[in-house]
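In what follows, a structure is listed as structure tokens, so that the remarks can point back to it.
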Amino acid sequence: MLLEALTFFHPSFSSGGRSHLEVYYAGPDIRFHLPYLFPESLDPLPPGVFVAAGWVLAAGSALLMLGWFHRIAATTVLVSWGFLYAIECTRTYWMSYYWLELLVAFLLVWMPASRRSWVRRYLPRSPARR
């Protein structure tokens, strides 16, 4: 997820030298059509909302990767990725593994996945945990 979030900000050859964030979320010619929520097309949100969602996704996935604040990080990843997926799945640039990433993020909220993280081995333990 961290690599996925970072690819939003880097220009790519497939998008004509622009970033995916600019092409699919925050470009000047973007109009969102959400037929399952509203009958009309919506004006796009400000580009800062999508940039913030991308950085929140990157921060949450980095914390999740390290095993720190596991449930908060998993919830952050779930909400930010769910927001980006819900906005983006109404157009043609979505992949089936995006749905899988959303399901895994949902499961990580409920799993005790940070109990055996490698970071916990090297952190000093508090007297209550010994």
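Relative to the current alpha-carbon distance between V49 and R18, full extension at 0.36 nm per residue lengthens the span by 9.3 nm. Y97 exposes around 100 Å² of accessible area when a 1.4 Å probe is run over every protein chain in place. Relative to the current alpha-carbon distance between F106 and D29, full extension at 0.36 nm per residue lengthens the span by 24.5 nm. Accessible area ranking (1.4 Å probe, heavy atoms, ligands and nucleic acids excluded), largest first, for I72, I87: I72, I87.
Computed with every protein chain present, the accessible area of M1 is close to 60 Å² [probe 1.4 Å]. Sorting F69, F106, F13 by accessible area puts them as F13, F69, F106; the probe is 1.4 Å, largest comes first, and only protein heavy atoms count. Once all protein chains are placed together, E4 keeps about 30 Å² accessible to a 1.4 angstrom probe.
The values are calculated or read from the model by the stated rules, or taken from the named source; none is laboratory data. All values derive from a computational prediction rather than experimental measurement. In case anyone asks, the SASA skips ligands and DNA or RNA and just uses the protein heavy atoms, side chains included. Shrake-Rupley method; radii C 1.70, N 1.55, O 1.52, S 1.80 Å.
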